[in-house]
Amino acid sequence: MLKKCTCLLLLLCIFLISGCGDQRILEDLGFIQTTSYDLLPDGKLAISVSIPQADPEATSKREVLTANAASSKEAKMIMSRRTGMLLVSGQIRNVLFGLSLAENGLHGHLDTLFRDPSISSQVKVSVVDGNAGELLIDDYKNHPRTGRYIEMLLEKESLGQAIPKVTLFDFARDFFDQGVDPVAPILKKHGDNFITTNGIALFRDDRYVARIEPQDALVFAFLKDKFRDGQINIDLTEINGKKENIMFSSLISSRKVKVTRGAQGIDKVTYYVKVSGTVLEYIGDARLSNDRQRHELEQRISQYISKKGDNIIKLMKQHQVDNLGIGRFVRNRVGYEQWKKMNWRQELQKLPVECSIEVHIKDYGKFR
C-alpha cells in the first residue's frame with residue numbers, strides 16, 4: 001500500500017513539473033491582431049503587425065512592429081527580436097494587402113497563411129487602396145486600437161451589404177473553383193481621422209484587375225446572391241430628366257439565374273432579381289400614396305439598377321473576369337465534360353448576359 005501511494009505521489013509531481021514547463025503568462029505574449037503586406041521596389045515585402053497591449057501599465061493601447069523581408073516568416077523572426085513579447089498568430093483577425101502587391105498576385109502570400117495551423121480560415125482578407133502598412137501603423141484620434149477599428153468597420157459594412165465579407169476560406173474557394181473569381185473589400189485611409197471602405201476589388205485568379213465603385217457595391221450584391229437587410233441611395237436625375245432622389249432601407253433581395261441553351265451551346269444568361277424595400281427619404285414630384293405614380297417610380301428605379309447591373313457585367317467582360325460566378329451556372333447547365341473543353345474567359349466575352357431587376361416599394365412611411 002505504501003509503495004502504491006509513493007508511486008502516485010511521484011506521478012503527480014511529474015505532471016505538475018511538466019505543466020509548469022509549458023506555462024505562458026498573458027502579458028508575455030504578443031497576440032497579433034492585424035497584419036499588412038506591401039510590395040517594395042526591390043521585390044521584398046514590407047510587413048507590419050498590430051499587437052494589442054495587455055499590460056495595464058503600458059502607455060499605448062497597442063504595439064506596432066515592421067520589418068522588410070523576403071517572406072512573412074522571415075519578417076516575423078526579425079520582428080520577434082525587437083520586442084520582449086513572444087509573437088503568436090492565433091488571434092489574427094484581418095490581413096491587409098497593399099494595392100501594388102494585389103496587382104502582382106496574392107496566392108503565394110495567402111498560401112503561407114493557409115499552411116500555418118495556428119491561423120484560422122475565418123481571417124478577413126482586404127485590399128488597401130494605397131500602402132497597407134501606412135494605414136495600419138497610423139493612429140486615428142477616435143480609435144486608439146487601429147486593428148480593432150478595422151475589424152469593426154469590416155463587420156458592420158458587410159452586414160449592410162456595402163462590401164462582401166471575404167475570409168481566407170472564401171478567397172481560396174473562389175480561387176480554386178474554375179467557375180468564379182475571388183473578390184475582396186477595399187479600404188482607404190483618409191488623413192489622420194478615419195478609414196473608409198472604397199468599393200470591391202475584382203480579381204482574375206489571384207491578381208487584382210478592377211474595382212466596383214462604392215456606390216455600385218449593393219448592385220453587385222444583388223447579382224452575387226440573395227440577402228436580407230441593406231440600404232441604397234438612388235439618384236434618378238439622369239433617367240427622369242429632373243431632380244429625383246430616393247433612399248431605400250430594409251432591403252430584401254432574391255435572385256434567379258437562367259441559362260438558355262441553344263443548338264450551338266449557351267445562347268444567353270439572364271439574371272432575374274427581385275428587390276423590395278422601405279422608402280426612408282424621397283425627393284421628387286411623385287406622390288407615393290398614388291398607386292400609378294408609385295408604380296412608375298418603381299419602374300424608373302428598376303431601369304436604373306438594371307443599367308448598373310449591365311455595366312458591372314460589361315466591366316467583368318472587359319477584364320475577362322467572372323466574379324459573379326456565371327461560369328458555375330453554365331457548368332451546371334452544359335455538364336462537366338463540355339465545360340472542360342471551353343475557354344471560359346473567352347466564352348464570357350461573347351456570351352449575352354442580361355440583368356432584369358424588379359423593384360417593389362413595400363412601405364413609404366406615415367406621411368401621405
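Values quoted throughout were computed directly from the atomic coordinates according to the rules given, and no laboratory measurement underlies them. Just so we're clear, the structure is a prediction, and the values are computed from it rather than from any experiment. Cβ: placed from backbone, ideal geometry, glycine included. Neighbour counts: every protein chain shown.
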**Study point:** Highest average packing first - 90-97, 216-223, 350-357, Cβ atoms within 10 Å
**Key:** 216-223, 90-97, 350-357
**Study point:** 10 Å-binned pair-distance histogram of the stretch 65-122 (Cα, whole percent)
**Key:** 19, 52, 27, 2
Review point. Excluding same-chain residues fewer than 8 positions from Lys314, which lysines have a Cα within less than 16 Å of its Cα?
Key: Lys224, Lys268, Lys350
Revision key, fill the gap. Summing -39500 (n - 2.57) over every DSSP H run of at least 4 residues in the chain and dividing by its residue count gives a helix-only mean residue ellipticity at 222 nm, to the nearest 500 deg cm²/dmol, of -11000 deg cm²/dmol
Study note, to complete from the structure: As straight-line cross-link partners of Lys73, the qualifying aspartates and glutamates (C-alpha separation under 15 Å, not fewer than 8 residues apart within one chain) are Asp38, Asp111, Asp116
Study note, to complete from the structure: Where a ≥ b ≥ c are root eigenvalues of the Cα gyration tensor, a/c under 1.5 meaning rounded, otherwise prolate if a/b exceeds b/c and oblate otherwise, the stretch 132-261 counts as oblate
Review point. Order of Tyr149, Tyr336, Tyr272 from fewest to most other C-beta atoms within 10 Å?
Key: Tyr336, Tyr272, Tyr149
Review point. Along the stretch 278-283, what does the Karplus equation 6.51 cos²θ - 1.76 cosθ + 1.60 (θ = phi - 60°) give for ³J(HN,Hα), rounded to whole Hz, x for Gly and Pro?
Key: 9, 7, 8, 8, 9, 10
Practice item. Starting at the first residue of the stretch 157-172, write each ³J(HN,Hα) from the Karplus equation 6.51 cos²θ - 1.76 cosθ + 1.60 with θ = phi - 60°, in whole Hz, x for Gly and Pro. Key: 5, 6, 5, x, 6, 6, 9, x, 8, 10, 9, 4, 4, 4, 5, 5
Review point. From the Cα gyration tensor of the stretch 78-166, with a ≥ b ≥ c the square roots of its eigenvalues, which class applies: rounded if a/c is under 1.5, or else prolate if a/b is larger than b/c, or else oblate?
Key: rounded
Practice item. Give the Cα extents of the chain along the principal axes, in whole Å, largest first. Key: 93, 59, 56
Study note, to complete from the structure: Classified through the alpha carbon gyration tensor (a ≥ b ≥ c as square roots of its eigenvalues; rounded if a/c is under 1.5, else prolate when a/b is larger than b/c, else oblate), the stretch 213-368 comes out prolate
Review point. Using a cut-off of 19 Å between alpha-carbon atoms, which lysines can reach Lys189, once sequence neighbours fewer than 8 places away in the same chain are excluded?
Key: Lys124, Lys141, Lys156
